[in-house]
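**Student:** Questions regarding the structure given below will be posed in turn.
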Amino acid sequence: MDCPAVGSTQSYTMTMPAQVTGGVLRAELGVPNVPGWTRFEGRISPNGSADIIGTGITGTSSTTVGQPPPGSAASYHYVAQFDGNRATGQRVGQRPCSLDAIKMQ
């Protein structure tokens, strides 16, 4: 996942393992409920489209839109398309982040 700088908010890149089981994607980075933690979940439809919702706790405020203090609740919405061994998507709202996933064997 890549998020470019927007105004005074710095860019960041996030890499995390994900699993798809029963048509549901789940990914998590960090320790639950500790600053810097993020979880993504979303159901993949038969045509490969997916709404992926992320929740988490902000870490570094310099990379978070609005620069809230670390430990603030955060949420994200991505629209993605899964096709074979790849998935691509875009964040909805706030900043133009993108996601790119590759299925590992």
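No value in this document is a laboratory result; all are computed from the given coordinates. The model shown is predicted, which means the values in this text are computed figures rather than measured ones. Don't worry about glycine lacking a Cβ; one is built from the backbone with ideal geometry, like all the others, and counts go over all protein chains shown.
**Student:** Could you give the distance between the Cα centres of the range 13-43 and the range 48-94, to the whole Å?
**Tutor:** 10 Å
**Student:** In 5 Å bins starting at 0, how do the alpha-carbon pair distances of the chain split up by percent?
**Tutor:** For the chain, the pair-distance distribution reads 3, 13, 22, 26, 18, 11, 6, 2, 0.
**Student:** Oh, and also: Show me the ranking of peptides 71-77, 43-49 by mean Cβ neighbours inside 10 Å, starting with the highest. If you can, show how the numbers build up before the last one.
**Tutor:** Numbers: 71-77: 13.9, 43-49: 12.1.
Peptide ranking by packing, descending: 71-77, 43-49.
**Student:** May I ask for the net charge around residue 27, where only other residues with Cβ less than 11 Å from the Cβ of residue 27 are counted and Lys, Arg are +1 while Asp, Glu are -1?
**Tutor:** Numbers: positive: 26, 39; negative: 28, 41.
Around residue 27, the charge tally is 0.
**Student:** Please arrange 99, 25 by counting, for each residue, the other beta carbons lying within 10 Å of its beta carbon, fewest first.
**Tutor:** 25, 99
**Student:** Would you kindly state how much longer the chain becomes between residue 21 and residue 86 on full extension, computed as 0.36 nm times their sequence separation minus their alpha carbon distance, in nm to one decimal?
**Tutor:** 21.8 nm
**Student:** Work through the residues other than residue 79 whose Cβ is under 11 Å from its Cβ and net out their charges, Lys, Arg +1 and Asp, Glu -1. Could you put the intermediate results ahead of the total?
**Tutor:** Working: positive: 91; negative: 51.
Net local charge, residue 79 excluded: 0.
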